[in-house]
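**Q** Below: one structure in structure tokens.
The values are calculated or read from the model by the stated rules, or taken from the named source; none is laboratory data. From a predicted model like this one, the values you see are computed outputs, not experimental measurements. No Cβ is skipped: glycine too gets one built from the backbone with ideal geometry, and neighbour counts run over all protein chains shown.
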Amino acid sequence: MTKKQSIPRRLFKYRAFTNLTLDMIIADRLYYADPSTFNDPLDTRPSLNTDLPATDLERAVRQLVEQRVSAEMTAAAKTIRYKGPKTLDHIGRLSRFQADQVISEISYNADDPSYEMDDPHQFLLGQRLQKELLLQYEKGIVSLAERANCPLMWSHYGDQHHGLCIGYSVPSDVHGDLHRVRYGGKRLVDASKVLAMLDGDNDARHQVDEAVLLRKAASWRYEREWRLIGQRGLRNSPLELEEVIFGMRCKDAVKYAVITAMDDRQRPVRFFEMHEIHGTFNLKKFPLDDGEMRAFFPRRSRDVHEAFQSVAAAHGKGQSL
């Protein structure tokens, strides 16, 4: 991934108003999503350029299979509290055995005469290497945007302005986990880079990581996306929550619920609402004045009904006198 980059002063998360959104704001947590759930099926799905002979492809496949099986078995051993030299030796032997099986299966299938290509062995090894490469990437992603005033982002991710946009600053200790998405180019990753990565080449690892996790089609460029990489699932946020911007159609009751829930927060959060710029298609955030809202909410609808009943009763008594 990119080693040097200029981190924006603010990064933004567009959200519909949901239970997860409340958890992100009130409990200060972030959800690191599985990339396979992204709305673009081509996202984080590179294709392998098999620029290596079969012998080198086989070595790369073998290493990736052994790493994957070893990691899976180590996790299982921890779950049932198996440990010690014998367990590690057993995991190592089974990992190598599984890799041998994969290589043998590929060699067997390569003899199938139905493959109409010059080197089916190389082709099948490349296919397996691509599969194993993607299985190595088990990290989750938090997608963030550079700006809060993008009309398309509000429509696509902010529930058509019924939702909100959360603004974060990025502490210096998080810079290494945050990366800018690159748009355009090809989805190819060279098999030679994968093998170099497995052999310990850090530059090759950066290039493979970027090809797998940080490249999208050019048509997504308007998002100006940054990605925070971490363990999948709901986690404590490493970012600093600074502001919440409500969409143009966001209900006042939603605004009130969010604002009052943050009243006692140790580090205050600023609140804004999005407005149109007259005569244009542009948007701009303005500070939210919550005084009138706090005077109106929380409300009880029957108060009005009972007030009218009281007036009517008083009027009736006046007439009888």
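**Q** I'd like the full set of residues that are free of Cβ contacts under 8 Å to residues at least 60 places away in the same chain and assigned to a loop (DSSP other than H, G, I, E, B), limited to segment 146-185.
**A** VAL181, GLY184, GLY185
**Q** Further, regarding this structure: Starting from residues that are outside any loop (DSSP other than H, G, I, E, B) and small (Gly, Ala, Ser), keep the ones in segment 250-282 and report whichever is nearest to ARG299 (Cα to Cα).
**A** Initial filter on segment 250-282 (outside any loop (DSSP other than H, G, I, E, B)): 252-261, 270-276.
Checking the rest, the ones that are also small (Gly, Ala, Ser) come to 253, 257, 261.
On the way: ALA253: 10, ALA257: 12, ALA261: 16 Å.
Top of the filtered list is ALA253.
**Q** Shifting gears a bit: Name every residue in segment 1-56 that is more than 19 Å from GLU146 (Cβ to Cβ), among the aromatic types (Phe, Trp, Tyr) and not in a loop (DSSP other than H, G, I, E, B), in order of residue number.
**A** TYR31, TYR32
**Q** Right, here's the next one. All but one of (1) at pLDDT 95 or above; (2) surrounded by 11 or more Cβ atoms within 10 Å (Cβ to Cβ) hold for PRO287; which doesn't?
**A** Failing condition for PRO287: (2).
**Q** Is it the case that segment 207-218 has a residue that's buried (at least 20 other Cβ atoms within 10 Å of the Cβ), hydrophobic (A, V, I, L, M, F, W, C) and closer than 22 Å to ASP159 by Cβ?
**A** For segment 207-218, residues buried (at least 20 other Cβ atoms within 10 Å of the Cβ), hydrophobic (A, V, I, L, M, F, W, C) and closer than 22 Å to ASP159 by Cβ: absent.
**Q** Here are the criteria: (1) in contact with a strand residue (DSSP E or B) (Cβ under 7 Å, 6 or more places away or on another chain); (2) assigned to a loop (DSSP other than H, G, I, E, B). Tell me which single one PRO238 does not satisfy.
**A** Unmet for PRO238, out of (1) in contact with a strand residue (DSSP E or B) (Cβ under 7 Å, 6 or more places away or on another chain); (2) assigned to a loop (DSSP other than H, G, I, E, B): (1).
**Q** While we're looking at this one, here's another question. If you take the residues in segment 92-112 that are touching a residue at least 24 places away in the same chain (Cβ under 8 Å), under 21 Å from GLN122 (Cα atoms) and of a type in the set (A, V, I, L, M, F, W, C), which one is surrounded by the most Cβ atoms within 10 Å (Cβ to Cβ)?
**A** So, considering only residues that are touching a residue at least 24 places away in the same chain (Cβ under 8 Å), under 21 Å from GLN122 (Cα atoms) and of a type in the set (A, V, I, L, M, F, W, C), the one surrounded by the most Cβ atoms within 10 Å (Cβ to Cβ) is ALA99.
**Q** Okay, next question. State the number of residues belonging to segment 221-235 that are more than 15 Å from the chain's Cα centre (by Cα) and either outside any helix (DSSP H, G or I) or surrounded by 16 or more Cβ atoms within 10 Å (Cβ to Cβ) (or both). Quick ask: steps written out before the conclusion?
**A** Applying the first criterion (more than 15 Å from the chain's Cα centre (by Cα)) to segment 221-235 yields 221-222.
When the remaining residues are screened for being either outside any helix (DSSP H, G or I) or surrounded by 16 or more Cβ atoms within 10 Å (Cβ to Cβ) (or both), the result is none.
Looking only at that region, the number is 0.
**Q** Out of segment 75-97, which residues are closer than 18 Å to GLU132 by Cβ and either at pLDDT below 80 or of a type in the set (Lys, Arg) (or both)?
**A** ALA75, ARG96
**Q** Those residues that are farther than 30 Å from ARG227 by Cα, aliphatic (A, V, I, L, M) and surrounded by 15 or more Cβ atoms within 10 Å (Cβ to Cβ), I need them from segment 113-141; list them, please. Give the steps one after another, and end with the answer.
**A** Keep residues of segment 113-141 that are farther than 30 Å from ARG227 by Cα, which gives 113-125.
Checking which are aliphatic (A, V, I, L, M) leaves us with 117, 124-125.
Residues satisfying the conditions are LEU124, LEU125.
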